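Chemist: I am attaching a structure below and will ask some questions about it afterwards.
The values are calculated or read from the model by the stated rules, or taken from the named source; none is laboratory data. What you are looking at is a predicted structure, and each value in this text was computed from that prediction instead of being measured. Positions of Cβ are generated from backbone atoms using ideal geometry, with glycine treated the same way; all protein chains shown enter the neighbour counts. Only protein heavy atoms, including side chains, enter the accessible area calculation; ligands, DNA and RNA are left aside. Shrake-Rupley method; radii C 1.70, N 1.55, O 1.52, S 1.80 Å.
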Amino acid sequence: MEAKENGASKKPSSGGIAGPTNPMVTPLLTDLYQFTMAYAYWKAGKHQERAVFDLYFRKNPFGGEYTVFAGLEECIRFIANFKLTEEEIDFVRQSLSSSCEDGFFDYLRGVDCSDVEVYAIPEGTVVFPKVPLMRVEGPIAVVQLLETPFVNLINYASLVSTNAARHRHVAGKSKTLLEFGLRRAQGPDGGVGASKYCYIGGFDATSNVAAGKLFGIPLRGTHSHAFVSSYMNLDEITDKSLRRKDGSSTCDDFVIVVQTWLSKIQLSNGVFGETNQSELAAFTSYALAFPDNFLALVDTYDVMRSGVPNFCAVALALNDLGYKAVGIRLDSGDLAYLSCEVRKFFRSIEKEFGVPEFGKLAITASNDLNEETLDALNKQGHEVDAFGIGTYLVTCYAQAALGVVFKLVEINSQPRIKLSEDVSKVSIPCKKRCYRLYGKEGYPLVDIMTGENEPPPKVGERILCRHPFQESKRAYVVPQQVEELLRCYWPGSSDKKKDTLPALRDIREGCIKQLQIMRPDHMRRLNPTPYKVSVSAKLYDFIHFLWLNEAPVGELQ
């Protein structure tokens, strides 16, 4: 299944951009205080003042030192179709004070995002704290109405994409990662969103059929324990015929072929006795239904004494008819030990019966896997080819939220700053440009923010990079490559060139490439090296000038 653009809940806007994937994403998906502020701005005549807001986060999640930015496309879909209906305006009227004037609701009828500009880092980019993921410019009342939905759309998307990327990093490039989280996700939207953003973060497929249809994500899934335990014996199989893969003839009794192979396996391998016959019936029935895609769940009764021998008997019977089984799935027990034992069994079958490649059949593991268990399996040694991961992945069990914020940095071309006793919560004022500077080895070295009108950093030029708040933290960098991070994705009424939103597969591929070029010490699970985020010397001086200018001066009595 090829990756495609998101599904949409609305017809495309006049600009040709479809509405948000989730029909619940409407102008009312916001906090009440956005509407109270909009009214207060309107009442004071400030609602058309030009404001600039930065959307960013303050700390990387999961104890790591990187984040994957996701959710941008849904934000653009939202603003491209932003328009309050009469029903929505009536509800806002009922929710606000009765003292609100009718003129405000007339104003809301005309509100859209035609005068809003959105600049953002491309979706799927590896990003870091304090650097604006998005810069939103427009009439202050309108942009305030965008704050909560934007934060909502970016927060979980970036968190789960990062979680997926971390699981991929631990599992390694060669392993197949399957997202199996729908049944444990926080509601339908949590399930569908997780499938999309886990795919961006490096997962290969999902069990979620709705996400497969909406986004073109490859689907995977076979059967559960219920299918195995639903069978009692081989007599339940009524249609026992199976046509050869090349269509040349038909095997009238596939069950007999399976039983013959099971007897041969039992004679050559005395480790197990009689296998569970109801399980054998289930495997045989499933193989008759899906001879080209036979993958069996082997731990319903006993993995090595029943599940694996039964699987091998059916797989060898399929082989006789020109089909090749996919492999097995383990959903319980000691996954490291069992995977190694299964691999030995497969190899012994290949050697004993001369079946090429049988020893390489896929072993998939599931059962409440997470980053820590993947790391433990790597240290123990295992033979697992694919991991099915659900609960800990899609619920982001290790951290509840990313902590995205949306702060005013400029109004009417006047820079604004938000101060706090907690320095990490001090905002970086003014409209900014953001760059990533690369070193000789091709690794990103530092992200630097500059004032909008400062000349951009140049390749080969010595640049002083300063920590935004700590005076002693500074370094000179001579970049070998300079990448500007913020691009225009919604130009509003300006004549600026708009970047197109890439297909989901392209976002995923870009994300994987970005993760691969990061310095390994920034990526490691334990004690990663913090990535440097800096400001230019000129912006540093301005931040501290504004800080001192805005902070109240105390008086000692």
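Chemist: I need every pair where a residue in the stretch 18-39 that is surrounded by fewer than 17 Cβ atoms within 10 Å (Cβ to Cβ) has its Cβ under 8 Å from the Cβ of a residue that is of a type in the set (Ser, Thr, Tyr) and assigned to a loop (DSSP other than H, G, I, E, B), sequence separation at least 6 or different chains.
Modeler: Listed by first residue and then by second, the contacts come to PRO23/SER9.
Chemist: Among the residues of the stretch 308-336, which ones are more than 15 Å from TRP261 (Cβ to Cβ) and open to solvent by less than 20 Å² (accessible area, probe 1.4 Å)?
Modeler: Selection gives GLY327, ILE328, LEU330, LEU335, ALA336.
Chemist: Do you know which residues across the stretch 88-105 are in a helix (DSSP H, G or I) and open to solvent by 20 Å² or more (accessible area, probe 1.4 Å)? Walk me through it before giving the result.
Modeler: Taking the stretch 88-105 and keeping what is in a helix (DSSP H, G or I), we get 88-95, 102-105.
Hits for the stretch 88-105 are GLU88, ASP90, PHE91, ARG93, GLN94, SER95, ASP102, GLY103.
Chemist: Also, quick follow-up: Which ones in the stretch 176-200 are open to solvent by 10 Å² or more (accessible area, probe 1.4 Å), in contact with a Leu (Cβ under 9 Å, 6 or more places away or on another chain) and either part of a loop (DSSP other than H, G, I, E, B) or farther than 15 Å from GLY390 by Cβ (or both)?
Modeler: If the condition is that a residue be open to solvent by 10 Å² or more (accessible area, probe 1.4 Å), in contact with a Leu (Cβ under 9 Å, 6 or more places away or on another chain) and either part of a loop (DSSP other than H, G, I, E, B) or farther than 15 Å from GLY390 by Cβ (or both), then PHE180, PRO188 are the ones that fit.
Chemist: Is it the case, given these coordinates, that PRO129 is open to solvent by 20 Å² or more (accessible area, probe 1.4 Å), farther than 15 Å from ILE140 by Cα and not acidic (Asp, Glu)?
Modeler: Details: open to solvent by 20 Å² or more (accessible area, probe 1.4 Å): yes; farther than 15 Å from ILE140 by Cα: yes; not acidic (Asp, Glu): yes.
In short, yes.
Chemist: For residues in the stretch 476-529 being part of a loop (DSSP other than H, G, I, E, B) and among the polar types (S, T, N, Q), which is nearest to the chain's Cα centre (by Cα)?
Modeler: Step one: filter the stretch 476-529 for residues part of a loop (DSSP other than H, G, I, E, B), giving 478-480, 485-486, 491-503, 518-519, 524-529.
Subsequent filtering for residues that are among the polar types (S, T, N, Q) retains 480, 493-494, 500, 527, 529.
Working: GLN480: 30, SER493: 32, SER494: 32, THR500: 20, ASN527: 23, THR529: 23 Å.
The selected residue is THR500.
Chemist: Then there is this: Given the criterion touching a Ser or Thr at 6+ places or on another chain (Cβ under 9 Å), at pLDDT 95 or above and not hydroxyl-bearing (Ser, Thr, Tyr), identify the matching residue among LEU486, LEU464.
Modeler: Going through LEU486, LEU464 in turn, the sole match is LEU464.
Chemist: Ok, one more. Looking at this structure, is GLN557 loosely packed, with under 13 Cβ neighbours inside 10 Å and modelled with pLDDT of 95 or more?
Modeler: Values: loosely packed, with under 13 Cβ neighbours inside 10 Å: yes; modelled with pLDDT of 95 or more: no.
No, not satisfied.
Chemist: I've got another one for you. If only one of GLU236, GLU279 is crowded, with 19+ Cβ neighbours inside 10 Å and touching a residue at least 24 places away in the same chain (Cβ under 8 Å), which one is it? Reasoning before the result, please.
Modeler: Details: GLU236 fails: crowded, with 19+ Cβ neighbours inside 10 Å.
One residue alone meets the criteria, GLU279.
Chemist: So ILE349 clears everything in (1) closer than 28 Å to SER249 by Cβ; (2) without any contact (Cβ under 8 Å) to a residue 60 or more places away in the chain; (3) part of a helix (DSSP H, G or I) except one condition, right? Which one?
Modeler: So ILE349 meets the others, but not (2).
Chemist: Shifting gears a bit: Within the stretch 120-135, is there a residue that is under 16 Å from ASN81 (Cα atoms), outside any strand (DSSP E or B) and modelled with pLDDT of 95 or more? Lay out the reasoning, then the answer.
Modeler: Quick first cut of the stretch 120-135, residues under 16 Å from ASN81 (Cα atoms) only: none.
For the stretch 120-135, residues under 16 Å from ASN81 (Cα atoms), outside any strand (DSSP E or B) and modelled with pLDDT of 95 or more: absent.
Chemist: Within the stretch 367-379, restricting attention to residues that are surrounded by fewer than 21 Cβ atoms within 10 Å (Cβ to Cβ) and not in a helix (DSSP H, G or I), which residue is modelled with the highest pLDDT?
Modeler: The selected residue is ASN370.
Chemist: Could I ask something else about it? Given the criteria open to solvent by less than 10 Å² (accessible area, probe 1.4 Å) and either touching a residue at least 12 places away in the same chain (Cβ under 8 Å) or β-branched (Val, Ile, Thr) (or both), does CYS113 qualify? Write out each step before concluding.
Modeler: Values: open to solvent by less than 10 Å² (accessible area, probe 1.4 Å): yes; either touching a residue at least 12 places away in the same chain (Cβ under 8 Å) or β-branched (Val, Ile, Thr) (or both): yes.
So CYS113 fits the description; yes.
Chemist: Still on this structure, please answer the following. Can you pull out the residues in the stretch 152-175 that are closer than 24 Å to PRO122 by Cα and open to solvent by 10 Å² or more (accessible area, probe 1.4 Å)? Show your work before the answer.
Modeler: So the first thing to find is which residues in the stretch 152-175 are closer than 24 Å to PRO122 by Cα, and the list is 152-169, 173.
The answer is ASN152, LEU153, ASN155, TYR156, ARG166, ARG168, HIS169, LYS173.
Chemist: Could you say which residue among PRO530, PRO479, PRO552, PRO520 is under 30 Å from GLY63 (Cα atoms), open to solvent by 40 Å² or more (accessible area, probe 1.4 Å) and free of Cβ contacts under 8 Å to residues at least 60 places away in the same chain? Talk me through it step by step, then tell me what you get.
Modeler: On the way: PRO530 fails: free of Cβ contacts under 8 Å to residues at least 60 places away in the same chain; PRO479 fails: open to solvent by 40 Å² or more (accessible area, probe 1.4 Å); PRO552 fails: under 30 Å from GLY63 (Cα atoms).
None of the others qualify; the one that does is PRO520.
Chemist: Just a yes or no: is a residue in the stretch 201-212 in a helix (DSSP H, G or I), of a type outside the set (Phe, Trp, Tyr), touching a residue at least 12 places away in the same chain (Cβ under 8 Å) and in contact with an Asp or Glu (Cβ under 8 Å, 6 or more places away or on another chain)? Show your work before the answer.
Modeler: First, pick out the residues of the stretch 201-212 that are in a helix (DSSP H, G or I): 209-212.
Cutting the leftovers down to of a type outside the set (Phe, Trp, Tyr) gives us 209-212.
Filter once more, keeping what is touching a residue at least 12 places away in the same chain (Cβ under 8 Å): 210-212.
Next, only the ones that are in contact with an Asp or Glu (Cβ under 8 Å, 6 or more places away or on another chain) stay: none.
So far as the stretch 201-212 goes, no, none of its residues is in a helix (DSSP H, G or I), of a type outside the set (Phe, Trp, Tyr), touching a residue at least 12 places away in the same chain (Cβ under 8 Å) and in contact with an Asp or Glu (Cβ under 8 Å, 6 or more places away or on another chain).
Chemist: In addition: Please go through (1) open to solvent by 40 Å² or more (accessible area, probe 1.4 Å); (2) in contact with a Pro (Cβ under 9 Å, 6 or more places away or on another chain) for LEU486 and return the number of the only condition it doesn't satisfy.
Modeler: LEU486 satisfies all of (1) open to solvent by 40 Å² or more (accessible area, probe 1.4 Å); (2) in contact with a Pro (Cβ under 9 Å, 6 or more places away or on another chain) except (1).
Matching residues to (1) free of Cβ contacts under 8 Å to residues at least 40 places away in the same chain; (2) open to solvent by less than 20 Å² (accessible area, probe 1.4 Å); (3) hydroxyl-bearing (Ser, Thr, Tyr); (4) closer than 28 Å to LEU72 by Cβ:
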position: TYR438; (1), (2), (3), (4): no, yes, yes, yes
position: PRO455; (1), (2), (3), (4): yes, no, no, yes
position: ARG462; (1), (2), (3), (4): yes, no, no, no
position: SER472; (1), (2), (3), (4): yes, no, yes, no
